[in-house]
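Novice: Below is one structure. I have some questions about it.
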Amino acid sequence: MGDTMGDIYEKLENLLRSLGLKKTELKIYRLLLDKNKPMRITEIKEELGISERSVREHVISLYRKGLLKRELIQQGWLGYVYTATAPAEFLEKLKHRIVTKINEIERELKDRDNF
């Protein structure tokens, strides 16, 4: 019997926490995962009851880390809407980034040892 989605999310959350994600960033990511639809900063702010400045800061951080995707839309206003990157897609990118970094360091170590 496999893990439930809740169990899987808990494991993912532990991994993200170990990567330095803040509690509020985790809440925002979880909200966007659960909603499964694009949301504006103001909508996230209303859902979570935190300041717009705080939401904006955390959303930008999550976007830079590859956990959120954004799209510029014009709908009577011009602005970004954010969606959560699927966990499987994020993990794949993370794995690739880590392996690439490890390979670079190993090459540098090998080059150094050959002198």
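The values are calculated or read from the model by the stated rules, or taken from the named source; none is laboratory data. Keep in mind the model is a prediction, meaning the values are calculated, not measured. Cβ coordinates were reconstructed from backbone atoms using ideal geometry, including for glycine residues, and neighbour counts include every protein chain displayed.
Novice: Testing Tyr29 on (1) out of contact with any strand residue (DSSP E or B) (no Cβ under 8 Å at 6 or more places or on another chain); (2) of a type outside the set (A, V, I, L, M, F, W, C); (3) in a helix (DSSP H, G or I), one condition comes back false. Which one is that?
Specialist: Looking at each condition in turn, Tyr29 falls short on (1).
Novice: Cβ contacts < 9 Å: first residue touching a residue at least 24 places away in the same chain (Cβ under 8 Å) and at positive phi, restricted to region 47-68; second residue of a type in the set (A, V, I, L, M, F, W, C) and surrounded by 15 or more Cβ atoms within 10 Å (Cβ to Cβ), any location; separation 6+ or different chain. Result?
Specialist: Gly66/Phe90; Gly66/Leu94
Novice: Further question on the same structure: When you scan region 91-104, how many residues do you find that are aliphatic (A, V, I, L, M) and either closer than 21 Å to Arg17 by Cβ or surrounded by fewer than 10 Cβ atoms within 10 Å (Cβ to Cβ) (or both)?
Specialist: Going through region 91-104 one residue at a time, the tally reaches 3.
This table checks each residue for (1) surrounded by 14 or more Cβ atoms within 10 Å (Cβ to Cβ); (2) under 14 Å from Tyr63 (Cα atoms).
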| site | (1), (2) |
| --- | --- |
| Glu10 | no, no |
| Arg17 | no, no |
| Glu25 | yes, yes |
| Tyr29 | yes, yes |
| Asn36 | no, no |
| Arg40 | yes, yes |
| Glu43 | yes, no |
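Novice: Oh, and also: Filter region 57-90 down to the residues that are among the basic types (Lys, Arg) and either farther than 18 Å from Lys35 by Cα or loosely packed, with under 11 Cβ neighbours inside 10 Å (or both) and list them by number.
Specialist: Result: Arg64, Lys65.
Novice: Among residues belonging to region 5-22 that are part of a helix (DSSP H, G or I) and small (Gly, Ala, Ser), point out the one that is modelled with the highest pLDDT.
Specialist: Ser18
Novice: Every residue in region 18-74 that is more than 14 Å from the chain's Cα centre (by Cα) and among the hydroxyl-bearing types (Ser, Thr, Tyr), please.
Specialist: Those that are more than 14 Å from the chain's Cα centre (by Cα) and among the hydroxyl-bearing types (Ser, Thr, Tyr): Thr42, Ser51, Ser54.
Novice: Look at Tyr63 and say whether it is among the aromatic types (Phe, Trp, Tyr) and modelled with pLDDT of 95 or more.
Specialist: In short, yes.
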